[in-house]
Amino acid sequence: MAGSRIKGITVEIGGDTTKLQTALKGVNSEIKNTQAQLKDVEKLLKLDPGNTELLTQKQKLLKDAISETTDKLATLKTAAQQANEALQRGEISQAQYDALQREIAETEAKLRDLESQASRSAVALEKIAATGTKLQSVGNTITGVGKSLAPLSAAATAVGIAGVKAATDWESAFAGVKKTTDATEAEYEELAAGIQKMATETASSAEDIAAVAEAAGQLGISKEHLLEFTKTMVMLGDSTNLSADEAAVALARFLNITGESTGNVDKLGAAIVDLGNNFATDEASIVAMSTRLASAGTLAGLTTTDILALSTAMSSVGIEAEAGGTAMTQTLTAIEKAASDAANGSTAALDRIASVAGMSSAEFASAWEKRPIEALQAFIAGLGSLDERGESATLVLDELGMSGVRQSNMLKSLALASGVLSDAIDTSSQAYQNNTALTDEASKRYQTFASQVSQLKEAFKAVAVDIGNILIPILKNLMGVLRNVLDWWNGLSDGTKNFIVQLGSFIAILSPILIIGGKIISAVGTVMTIL
């Protein structure tokens, strides 16, 4: 447009005479290039009006356009002076002169428009800078407050971290209880509270107790008796050479085989501890032997306290659980068969057993039916006195078909210490009824300094779990917020991501949240002011 208007006008610029359209060719090219860049920036700003990088580019391009247009206007005005003289001399026509004046008017209009745009752009950037200054001030204030609260913030952070960890550990531990025990949410809460309370009264952690409860549930202990059973196992673990897990597995199986009520497990625990304290054996050996004898003893009519007493006597004379369990099972089976055969008219075996026991066949059969442990005790005691009566225990056992090496050795060992079985029967029965031995033994352990430290630690841990249970839902919500932030970030344009990263690259992540917030705001304000 400009070239056609000023076509044919010749001017002298810097001592050289040239056509005006040739003289303006360079500046017109620069203006055209700048205008193209401005158009591109304007298009992007419509998509992202607050992009400070684009606003800064626009301001620079407007300044370049103003400078280029000013240069063009100066050249046109110089040409206008020369054109006026040329018109007077008749070298150019009036139409050419008027076209030049229109070109000057259009260029002046464009210059005014560019200056207006630059002014508006500058105002926008000034507002951003002013906002940045205010943000700097606010950020610095918040940072100061954050620093003053730093000690409290550090302590609160430590408590929060400890609470979340304690709650997480407890949640994982109690998940096992939920897995093996079918209960309502209210019942689970009651179980959880009971386990945590137990931890503050014993020498075991809440997580260890939960593991015992998990094993108990898996072994078939009902939810109604779960806490009582677990506490007995924990006390056995704390005060004997049994671990709580070992005790739980062994006694749960023992109860299942014998049919003893789970509600009596504390009495069994008391009997085991009292027997271990008063005889030449230990609780682990008694329980191991009892588990071996549970099936045969129950079939023979022995009570649980009888089985415990017999196991105590056997382990006290050095009989191992595996060998002794098999040998005593064979003995009980042989006596039961003899009694059964006698009822069917074949009395030879029962007569011989009864004679060893110092009874008539009828007396022995009655004792075996009503109180089998007493009949067994009489038989074993009789074996021990055979030598005094001029008989051989070995020959008698051969005659009764009890001549296996393990069985024979077991019966002979018991016969030599028959009084041990009698005492064990009395002790087991009395301890079961009193139900105090395990509690007394555990109480001695729990009065030690180490146990009290453990209890205090568990009490603090229970508080930490409460704190963690409050924080975990908040953290779960925060995780949702963070997922939204990630989604937001993934939806940003590459240019916006680049600007945010450059903005935040120098911000150090500090632990107190107020300091973090303050420094971020200050940093944003500083960058905005610079821009």
Counting other Cβ atoms within 10 Å, keep those with at most 16, restrict to DSSP loop, and tell me which trypsin sites (Lys or Arg not before Pro) in segment 236-294 are left.
none
Per q in 0.17, 0.20, 0.28, 0.30 1/Å, what log10 I(q)/I(0) does a Debye calculation on the alpha-carbon atoms of segment 385-436 return?
-0.63, -0.74, -1.03, -1.09
Quick one: of Lys19/Lys39; Lys19/Lys58; Lys267/Lys444, which pairs are farther than 27 Å apart, Cα to Cα?
Lys19/Lys39; Lys19/Lys58
Residues of type aspartates and glutamates that Lys32 reaches as a straight line, Cα spacing below 12 Å, ignoring anything fewer than 8 places off in the same chain:
Asp64, Glu68
So for segment 165-243, Kirkwood radius off the Cα pairs, Stokes-Einstein at 20 °C and 1.002 mPa s: how many µm² s⁻¹?
174 µm²/s
Long-range HN-HN contacts of Thr347 with modeled amide H, under 5 Å
none
List the residues whose amide H sits under 5 Å from the amide H of Thr10, counting only those 5 or more places along or on another chain, with H placed 1.01 Å from N in the peptide plane.
Leu20
Surface/4 estimate of mean projected area, convex hull on alpha-carbon atoms of segment 356-401, nm²
3.1 nm²
With the crude spin-label approximation of a point 7 Å out along Cα→Cβ, what separation in nm comes out for Ser67 versus Ala193?
7.9 nm
Using Cα positions and a limit of under 18 Å, work out the aspartates and glutamates in reach of Lys46, with same-chain residues fewer than 8 apart set aside.
Asp494
Positive end of the charge dipole of segment 281-396 (Lys, Arg +1 and Asp, Glu -1 on Cβ, about the Cα centre): tell me which of Ala393, Ala313, Gly345 has its Cα farthest that way.
Gly345
Using square roots of five times the C-alpha gyration tensor eigenvalues, list the equivalent-ellipsoid semi-axes of segment 284-369 in whole Å, biggest first.
26, 12, 11
Point-charge dipole on Cβ atoms (K/R +1, D/E -1) for segment 221-317, about Cα centre, debye to 20
220 debye
Per residue convex hull volume, Cα only, segment 184-230, in Å³ is 65 Å³
Which values of log₁₀ I(q)/I(0), to two decimal places, follow from the Debye formula for segment 340-449 at q = 0.11, 0.14, 0.19, 0.20 Å⁻¹ with a uniform point scatterer at every Cα?
-0.47, -0.66, -0.99, -1.06
Pairwise label distance in nanometres, Thr436 with Arg120, each label 7 Å out on the Cα-Cβ vector:
9.8 nm
Rounding to the nearest 20 debye, state how big the charge dipole of segment 28-110 is about its Cα centre with +1 on each Lys and Arg Cβ and -1 on each Asp and Glu Cβ.
180 debye
Where the convex hull is taken over the Cα atoms of segment 188-342, what is its projected area averaged over directions, in nm²?
9.2 nm²
What number comes out for accessible area per residue over segment 253-378 if the probe is 1.4 Å? Units Å², please.
38 Å²
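The values are calculated or read from the model by the stated rules, or taken from the named source; none is laboratory data. Just so it is clear, the structure is predicted and the values come from calculations on it, not from any experiment. Virtual Cβ from ideal backbone geometry, glycine too; neighbours counted across all protein chains shown. Just so you know, the surface numbers come from the protein's heavy atoms only, side chains and all, with ligands and any DNA or RNA stripped out. Shrake-Rupley method; radii C 1.70, N 1.55, O 1.52, S 1.80 Å.
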